[in-house]
1. At what distance in angstrom do the alpha carbon centres of region A:86-111 and region B:141-219 lie from each other?
2. Just to check I understand the Karplus step: with θ = phi - 60° and J = 6.51 cos²θ - 1.76 cosθ + 1.60, what whole-Hz values come out for region B:102-118, glycine and proline as x?
3. Please determine, in degrees from 0 to 90 and to the nearest 10, the orientation of helix D:207-238 with respect to the longest principal axis defined by the Cα atoms of chain D, where the helix direction is its Cα long axis.
4. With axes computed from alpha carbons, what is the tilt in degrees of helix D:371-388 against the longest principal axis of chain D, rounded to the nearest 10 within 0 to 90?
5. Over the whole of B:13-26, what's the average partner chain Cβ count within 10 Å per residue? Rounded to a whole number, please.
6. Taking R0 as 35 Å, what's the FRET efficiency between B:PHE87 and C:LEU80 from their Cβ-Cβ distance, rounded to 0.05?
7. At what distance in angstrom do the alpha carbon centres of region D:345-380 and region C:65-103 lie from each other?
8. For peptide D:61-73, compute the average count of partner chain beta-carbon atoms within 10 Å of each residue's beta-carbon.
Amino acid sequence: MTTIAIEQPPTAGAISNAKLGVWLFLASEIMLFATLFTSYIVLRLGSTSWPWGWDALNVPLATLNTVILITSSITIVMAYAKAYDKDKPGFQSWMSLTILLSLGFLVVKAFEYSHEFKLGIGPHTSVFYAIYFTMTGLHVIHVLGGILVNAGLLYMSSRSKHWEHPLFLGRVEGAGLYWHFVDIVWIFLFPSLYLL
Amino acid sequence: MDNYGWAMPVAASSFAKSIDLGIWIIHAAMLAIFVLWGIFFVYLLVKYRARPGVLAQREEAHSRSSELTSLIPDLAVVAFEIGLIVFYALPVWSKVKMSVPDVANPLQLEIVAEQFGWSVHYPGPDGALGPRKAELVHFSNPIGLDHNDPASHDDVVMGNELRLPLGRTAVMKLYSKDVIHSLFIPEFRLKQDAVPGLEIPVWVEPTRLGKYEITCAQLCGFAHGLMRGDVFVQTQEDFDAWYQSRLATTPAPDKPTNPSEDF
Amino acid sequence: MNTHATQSHRPDVRMSLLTFGALMALTLVTVVVSKFHLPRPQAIALGLFVALVKASLVAGLFMHLWGEKKLIHKFLFVTLACAAVLVLPLIDSLLVSHQLTAPIAVADQRPVGSGH
Amino acid sequence: MSHDHSGSSSPSFREKYVFSLDHKVIGLQYLITSFIFLLVGFGLMMLMRWQLAFPGSPIPFFGRLFSAELAPNGVMSGEFYNALGAMHGTIMVFLGVVPLAVGAYGNYLLPLQIGAPDMAFPRMNMMSYWLYLPGGVLMLLSFLMPGGAAQSGWTSYPPLSIINPGQTVWLLSMVILITSSLLGSINFLVTTINMRAPGMSLWRMPVFCWAQLVTAVLLLLAFPPLEAASILQLMDRVFHTSFYMPKDLVLLGQTYSGSGGGQPLLWQHLFWFLAHPEVYVLVLPPMGIVSEIIANNTRKPLHGYKTMVYSMIAIGVMSFMVWAHHMFISGMSPALSNFFLVTTMIISVPSVALMTCLVFSLKGGSIRFNVPMLFALAFIPLFAIGGLTGLPLGLTVTDIYLHDTYYVIGHFHFVVVSGSIIALMGGTYYWFPKWYGRKMNDRLGLIHFWGSVACMVGIFSPMLIMGLAGTSRRLYDPTAQLHNLSTQGLNVVSTYFAYGLALFQLPFIYNFFNSMFRGEKTPENPWQATTLEWACPSPPPHGNFPSTPTVHRGPYEYSTPGRVCDFWPQSEPPSEDL
């Protein structure tokens, strides 16, 4: 497919298309998760008693997950810094570390889910587990999306056609923004489901 | 069929008249607004149609004032709306929906909606409504009335038939067993959704004898349109006579119709 | 057309590491505090406050929102305003709660034979 | 402004027409696909109208075609009627009018009107179309599902939508459609903000571009809540969670096996949180089209350009705070209804201001009554009827009686059909020369115009009267209820006018496809318009403008004093032809 690189005419705003596009996408994601949090609160108000996180779920495991996700946030910042300095090996190592950490997050999540399924706990058990599985499930899908994007960037950095492309740094920054957003969602998800 | 025509059906409840008043006020205002703007619209079309040699005249320096003067008719509409809300909507809404009139002894009823029927639960002379339990719901006992409870001994449950004594405020608690229905009695101008999991109070004070109609106004399945019933507004004596006749025919309370024992 | 020099500034690694430390500490704090099983309102307020601090740390520093263009700030403000308007259903479910006929004690809904 | 066709031989048919990156081709793809979906939705309605006018009688030609389960010996069943109603609403709103107003017109004209070579993200633009089409086809496929298509209205209120068949496919295709329109709105916003031609400040953009900007913000922020609510409903249906299912539900005799604890009103809040901005998405772009056509054919600038733009922004902002006027009697707390009564009254102000500016734009003009102008002029009174009939529905007290009756159906059809769709048809006649370099036949246009307007008024006015008489909506057989019998005759009137409307669309369809090849050839700027899209050859080549235009003045510089020619294109340097 002929990729027609249309040179951007000089624009009024100095924000690059990619960054503005990512921020708009994150705005729609904020609305998506805000709705889920509203539903969580409405369902919680409608019930006479709500399980305490420590009883219903495995909090130490989730704390480990939080640590993993925040670490992956810092590694992607380092990866962006290396990409900014055009240091390919540095970028590749930090980015692969980010991907490894996010895979670790998925592994911990999978272990947690399987433990619950083994106990017969599922979305149908109660409204608490329903909203728990829905929100963490949707978050996991977003983490998967992030892994795909980061892996794509890692692969593209090995091809010089993309590494030298002027927009490549914008793409890394966009991926970083998205990943930090996924981390922020988890930062709100973790206390509301596990700790309160 | 004298109750119905092309406009609203006959007004048969205390707040029906005030709702009709609101509808007529708004439609009169709508007609006035539409006609006035329509005349102005046609006038503009005729006066400023393209004629050879006549060029369009732009407004002068496109001042903000000319823009704002054009909004004066809108301010009139807004003022009308504010007046309508403050003097009409808020008071009537709080009277009709937000509160139940504290009358001496209102007739307490329960209306349970289900897929494709209304069950009306009358308290009977003792004025007490028997408790209902979900597990007791059975073909012969649609609202799951607990017959062992003494309060329910003189209760009567009618399907799709609501009988109300004239002039006595009836407070009806709306329930639904399965999906969302909507109790709609056109002649009373009464409409309220029956939401499963919610108990919604509705009140009406019938002011006219006669036979009216209950319908369902919220889509509730394939037979949503066939889910209708009748409302009979009778004098208190007729109502009591009817009630006694119903009590005589219902099975004696000592033979409970709880499903568990029957089969 | 070398745009990246003008637009995005190089991330300040030292500041990022500091933020990372702060986030770790806050996570530890919120978990430990929740272990004490404070009464609900205080627990929710504290948990929410810590989560907001962490989120603003990540957004402000990691996502360079601090030095970002005004347009993005304005747009995020509009988004958060719309998200806040979503809170209205909560008020409704509070006002209507006395009419609930089937509130559920979700806490003691257990799957059959589960260890908890 | 050179753009390097990096090593491209002439693009193959597939790249040029099917998987094209050109916003113009994608715009036309959206146009034709949404016209087809409009026809499909129209067909479903015609079946329903037969059942409403003659309940229980077999459908003349098509009755035998349906399976015994849908229409036993030609007579439509209750489930089939509900499925037709739900799909008619869904197809017309989510697959017909919005993709036409935003996808087709927005995609084609926005880059041209702001002087951009193409959309900011061409590949994402293509992807948004190629998500819309499968989503639409999946929606239609739900008819073939066991149990038939979604049957709980286009609003799909639980718990009915949890137990009814066909809803899962509806939800899946809704998620796909929402993703498609999110991608579209991101593209529109970035293009409008970043890729305007030099000199094209925001305040020099035509009103149509402002409408698309506000619409894109509405789509971007209002759609995700419906996506989340649909995910919750999908979980309820597939994994038996109970987000919307309270405890102790007794469904057809058995108690529902869910865990309970859900609230049906939660879905209504989240659905209408989207659906009200959605109806403004249905109205704003057509209003933009009408303003363009009126400005062009009165040969004078619009009256109150800034007032119109501020009104559109105000409508955009307020549209997020009015949703619960659909839920006054839905079990929501009456106190909250008072709040939404006030916000609904506030949002009526900018709508009235917009209409006032449109009418005052006629004052002092020299009005040309060509076909697009007729459509734009018909929009004003018909949309006014739609808007005015919204007043009694927006007022809490009168809504008690009028809610969920045919008055509501009359109201929103006057707004959407005789408002938005009339404006969109006018836009087709107006911009056809830009798309194909040829003009649509005027005589056929007049037949189509007068026929459609007459039939539309004929269909929807009886509905208002039936609504006043208390006839409820979504009734499979209106004659089953006594209070509907007095107005059953009006149902027959509406049905015949509906079939008349179908007939009057034939000249339009023929005119549209015939004029593509045999229409009268037109110069670059047949209507002598000033906006930028007329400053490039039609149909515009790839990359739109031979050289990036620079903009020197506002969008509607018609009859500028001291100029011979009565229009002054935006991109014309000031020195020429004083």
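We did not get these values from a lab; they are worked out from the coordinates using the rules stated. Since we're looking at a predicted model, the values are computed, not measured. Using ideal geometry, Cβ is built from the backbone for each residue, glycine included, and neighbour counts are taken over all protein chains shown.
1. 62 Å
2. Taking θ as phi minus 60°, the curve returns 7, 9, 3, 10, x, 7, 8, 10, 10, 10, 10, 8, 9, 5, 5, x, 10 Hz for region B:102-118.
3. Once rounded, one gets 30 degrees.
4. Taking the Cα atoms of chain D, the angle to D:371-388 is about 40 degrees.
5. Working: counts 0, 0, 2, 1, 0, 1, 6, 2, 2, 8, 8, 2, 3, 10.
The shielding value for this peptide is 3.
6. Details: r = 37 Å, r/R0 = 1.06.
Given R0 = 35 Å and the Cβ-Cβ separation, E is 0.40.
7. Centre-to-centre distance over Cα atoms comes out at 36 Å.
8. Numbers: counts 0, 0, 0, 0, 0, 0, 0, 0, 0, 0, 0, 0, 0.
Mean inter-chain Cβ contacts per residue within 10 Å come to 0.
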